[in-house]
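Here, each number is a calculation from the coordinates, and none is a lab measurement. Quick caveat, the model's predicted, so the values are computed rather than measured. Every residue, glycine as well, gets a Cβ built from its backbone with ideal geometry; the counts of neighbours run over all protein chains shown.
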Amino acid sequence: MSGTVAEAFALAEKAGAAIKSAFDGKHHLLVVLGSGWADSLSMLESASTTPSRSLPVHEIPGFAKPTALGHGGQLVSITIGATRVLLLTGRTHLYEGRGVHAVVHGVRSAHMAGCTSVVLTNGAGCLQPRWKVGSAVLIRDHINLTGHSPLTGDNPPAPFAGRFVDLTDAYSRELREVAKRVAPDIEEAVYLGLHGPHFETPSEIRAAASWGADMVGMSTVLEVIAARHLAMNVLALSLATNQAAGLGSEPLSGEEVIAVGKEAAPRAGALLRDVLVALDRAEVV
Ligand code: HPA
């Protein structure tokens, strides 16, 4: 999906209208299930108080089936308490080559479909020697080294805000506090977002550590920028799928990321379910 900012917003508006029409009205919260989180779907569906309904993403304007390993291609509608939730089972990454607007299309379309908050999940390499592979952490801030912004180009069309978006407190303190009530011992991380699809060199990881990064991955940061531009509240969770390059004894592979995700799925799914229930009860989404 290339094209201008205005075209990207027009397509997201079309997609938002299609989502509202397919699922009978507005939703409140988008949850993006990234690498290692796809298996949370069944646990979230079981927590729904309405029958879950699903739409293949390729039927929604501007979406394409993800090509990344372990990423599904469904948009699923569930209800947690009073909160209508859209679950996107997989995302588009910059490295898939569809352009930056395709990467953030899910977030923008969900906004157009009524969502005022987003929970982003990902699998990531871990730079902290004391944090365990297979554990989940909250993201408290990011470093965007993708070399891209979803706001490059002309100012977004009216009525959307201008392109100079404040990213101070991009990861909502309020939502993190609610998540910490469910998981008091959860670590908080700075996530470094890179273009990929190659993994990093050990020297890049040493540089990242010296800049204050705790986790490294190939997603999330552009979606956060797009979400903040639309004034959406953001919560983000990383699953540590491997020690970052040069820190562990095993070579890095996409298959390892998926395998650790599968192994961690019951814990990650339960955490995500409990966080969604807490967000609904706290009435913050
Ligand atoms: N680096 C970048 N992206 C990743 C990693 C990593 O080590 N693990 C999972 N996604």
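If we keep just the residues of the range 176-198 that are out of contact with any helix residue (DSSP H, G or I) (no Cβ under 9 Å at 6 or more places or on another chain) and in contact (Cβ under 8 Å) with a residue 24 or more places away in the chain, which is farthest from THR67 (Cα to Cα)?
So, considering only residues that are out of contact with any helix residue (DSSP H, G or I) (no Cβ under 9 Å at 6 or more places or on another chain) and in contact (Cβ under 8 Å) with a residue 24 or more places away in the chain, the one farthest from THR67 (Cα to Cα) is LYS180.
Find the residue count for the range 194-216, including only residues that are under 20 Å from GLU255 (Cα atoms) and not in a loop (DSSP other than H, G, I, E, B). Please lay out each step first, then the result.
The initial filter retains those residues of the range 194-216 that are under 20 Å from GLU255 (Cα atoms), namely 194-202, 215-216.
Add one more test, that the residue is not in a loop (DSSP other than H, G, I, E, B), and what stays is 194, 202, 215-216.
Counting residues in the range 194-216 that are under 20 Å from GLU255 (Cα atoms) and not in a loop (DSSP other than H, G, I, E, B) gives 4.
Kindly indicate which of GLY34, GLY25, GLY3, GLY16 is surrounded by 16 or more Cβ atoms within 10 Å (Cβ to Cβ), assigned to a loop (DSSP other than H, G, I, E, B) and not aliphatic (A, V, I, L, M). Show your work before the answer.
Values: GLY25 fails: surrounded by 16 or more Cβ atoms within 10 Å (Cβ to Cβ); GLY3 fails: surrounded by 16 or more Cβ atoms within 10 Å (Cβ to Cβ); GLY16 fails: assigned to a loop (DSSP other than H, G, I, E, B).
Exactly one residue qualifies, and that residue is GLY34.
Looking only at residues that are of a type in the set (A, V, I, L, M) and within 16 Å of the ligand (Cβ to nearest atom) in the range 77-123, which one is nearest to VAL284 (Cα to Cα)? Steps first, please.
Residues of the range 77-123 that are of a type in the set (A, V, I, L, M), as a first pass: 78, 80, 82, 85-88, 94, 100, 102-104, 107, 110, 112-113, 118-120.
From the residues that got through so far, the ones that are within 16 Å of the ligand (Cβ to nearest atom) too are 94, 103, 120.
Numbers: LEU94: 30, VAL103: 26, LEU120: 16 Å.
Looking at the filtered set, the residue picked out is LEU120.
Tell me which residues, restricted to the range 29-74, are among the basic types (Lys, Arg) and under 18 Å from the mean Cα position of the chain (by Cα).
Applying the first criterion (among the basic types (Lys, Arg)) to the range 29-74 yields 53, 65.
Passing the criteria: only LYS65.
Can you name every residue in the range 193-226 that is in contact with a Pro (Cβ under 9 Å, 6 or more places away or on another chain) and either more than 9 Å from the ligand (Cβ to nearest atom) or of a type in the set (S, T, N, Q) (or both)?
Within the range 193-226, LEU222, GLU223, ILE225, ALA226 meet the criteria.
Specify the residue that is farthest from the chain's Cα centre (by Cα); the eligible residues are those in the range 242-264 that are farther than 19 Å from MET215 by Cβ and in a helix (DSSP H, G or I).
GLU255
Kindly list, by first and then second residue, each pair from a residue in the range 208-225 that is on the phi > 0 side of the Ramachandran plot to a residue that is of a type in the set (Asp, Glu) and more than 8 Å from the ligand (Cβ to nearest atom), limited to pairs with Cβ atoms under 9 Å and residues at least 6 apart or on different chains.
Filtered contacts from the range 208-225: GLY212/ASP141.
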